[in-house]
1. Kindly indicate the residue of region B:157-178 that is open to solvent by 10 Å² or more (accessible area, probe 1.4 Å) and among the aliphatic types (A, V, I, L, M) and also farthest from B:TYR136 (Cα to Cα) among those meeting that condition.
2. Out of all the residues in region A:3-20, is one or more free of Cβ contacts under 8 Å to residues at least 12 places away in the same chain, part of a helix (DSSP H, G or I) and either of a type in the set (Ser, Thr, Tyr) or in contact with a strand residue (DSSP E or B) (Cβ under 8 Å, 6 or more places away or on another chain) (or both)?
3. Select from region A:22-67 the residues that are of a type in the set (A, V, I, L, M) and not in a helix (DSSP H, G or I) and write down the one among them that is nearest to B:GLU177 (Cα to Cα).
4. Please determine whether any residue of region B:58-66 is in contact (Cβ under 8 Å) with a residue 24 or more places away in the chain, more than 11 Å from every other protein chain (Cβ to nearest Cβ) and in a helix (DSSP H, G or I).
5. With A:LEU85, A:LEU8 as the choices, which residue is over 20 Å from B:LEU181 (Cα atoms) and of a type outside the set (Asp, Glu)?
6. Out of all the residues in region A:51-73, is one or more under 18 Å from the mean Cα position of the chain (by Cα), open to solvent by less than 60 Å² (accessible area, probe 1.4 Å), more than 10 Å from every other protein chain (Cβ to nearest Cβ) and under 19 Å from B:ALA88 (Cβ atoms)?
7. If the Cβ limit is 9 Å and pairs must be 6+ apart or interchain, which residue in region B:108-135 that is under 14 Å from B:LEU197 (Cα atoms) and of a type in the set (Ser, Thr, Tyr) pairs with which residue that is assigned to a helix (DSSP H, G or I) and open to solvent by less than 50 Å² (accessible area, probe 1.4 Å)?
8. Return the pair list, or none, for Cβ contacts closer than 7 Å from residues in region B:159-173 that are of a type in the set (D, E, K, R) to residues that are open to solvent by 40 Å² or more (accessible area, probe 1.4 Å), at least 6 apart or on different chains.
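The values are calculated or read from the model by the stated rules, or taken from the named source; none is laboratory data. Just so it is clear, the structure is predicted and the values come from calculations on it, not from any experiment. Heads up, the Cβs are rebuilt from the backbone with ideal geometry, glycines too, and the neighbour counts pull from every protein chain shown. The protein model used for the area step is the full one, side chains on, heavy atoms only, and it has no ligands, DNA or RNA in it. Shrake-Rupley method; radii C 1.70, N 1.55, O 1.52, S 1.80 Å.
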Amino acid sequence: MSHSEAELKNQVKIYISVFVALMFLTMVTVAASYLDLSPLATIAVALLIASIKAGLVACYFMHLISERTIIYAVLGLTAFFFLVLLLSPVYSV
Amino acid sequence: MSSPGEIRYIDHPHPVSGVTNAKLGMWCFIASEIMLFGGFFSTYVLLRAGNPAWPTGSHLLNVPLAALNTVILITSSVTMVMAWYSLAVKSLPKFKMYMGLTILLAFAFLVVKGFEYGMKFEHHIYPAKNTFYAIYFTMTGLHGLHVVGGIVANLYYLFPGSKMWETNPEQFTGRIECAGLYWHFVDLVWIFLFPVLYLL
């Protein structure tokens with residue numbers, strides 16, 4: 001993947017910042033599990049934090065934030081079919 | 001111009017897609033992996049929703065060890081992206097250092113996992129014990145196998161594979177970027193596995 005010199009120089013700072021954020025969010029994940037929340041709230045909080053962590057890894061380590069349309073298209077299609085996979089046992093004929 | 005059997009657009013982007021064929025291929029593979037693990041996650045949801053007596057993960061599983069593994073794997077993702085970055089700024093020695101670190105951290109993950117499984121087996125807890133353990137061992141086991149696969153690929157790129165840097169540095173950099181995409185995906189799966197299995 002071609003990056004310009006200027007873009008590259010910034011990358012390391014971004015990687016370190018994302019690493020710090022991921023470590024912090026991991027601590028939050030564990031801490032949040034000790035809160036006495038309703039089952040639905042516990043699941044929602046856990047998945048929300050996991051999604052933020054996943055988003056950071058995807059956007060910055062996998063360079064998705066500056067990726068080409070075709071990759072977004074592949075992932076969009078995947079997301080659609082993943083939902084189909086998730087919901088098809090529930091709504092099976 | 002290109003010889004038969006040669007893969008084109010491997011060291012420069014394809015004019016239509018805008019990315020190398022390697023990167024497009026790797027993302028398509030990752031898409032198939034999302035379907036694989038997604039199927040298991042949806043299995044977990046269905047099993048748990050249909051089972052009111054489902055245990056709380058944190059009561060049965062070793063949360064501190066799993067949290068340690070989360071830290072190990074996230075750190076290995078950083079060293080992996082730094083390995084690619086080192087090639088982007090044309091430093092082979094830095095690449096080797098970061099790739100070596102990534103592999104060591106991956107081994108550390110497996111060692112911790114080994115202790116985790118070992119403690120379960122010591123107490124005669126196996127996948128056949130009940131549905132909870134069946135899905136726990138299956139999902140973490142499948143993920144562990146993916147870690148092993150990543151280690152094999154990364155070892156190849158660190159040792160014999162790095163010779164390509166001398167003949168085709170762009171293609172080699174692309175290979176490491178793709179290896180990185182795979183490794184970050186393995187990390188992503190664990191980022192979801194950890195709270196779902198151990199904390200919920």
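1. By that ranking, first place goes to B:MET164.
2. Among the residues of region A:3-20, at least one is free of Cβ contacts under 8 Å to residues at least 12 places away in the same chain, part of a helix (DSSP H, G or I) and either of a type in the set (Ser, Thr, Tyr) or in contact with a strand residue (DSSP E or B) (Cβ under 8 Å, 6 or more places away or on another chain) (or both), which makes the answer yes.
3. Applying the filter and picking the extreme gives A:MET62.
4. yes
5. On inspection, the qualifying residue turns out to be A:LEU85.
6. Within region A:51-73, one or more residues are under 18 Å from the mean Cα position of the chain (by Cα), open to solvent by less than 60 Å² (accessible area, probe 1.4 Å), more than 10 Å from every other protein chain (Cβ to nearest Cβ) and under 19 Å from B:ALA88 (Cβ atoms).
7. Filtered contacts from region B:108-135: B:TYR133/B:LYS120.
8. Close Cβ pairs (under 7 Å, with a partner that is open to solvent by 40 Å² or more (accessible area, probe 1.4 Å)) amount to B:GLU170/B:ASP11; B:GLU170/B:HIS12.
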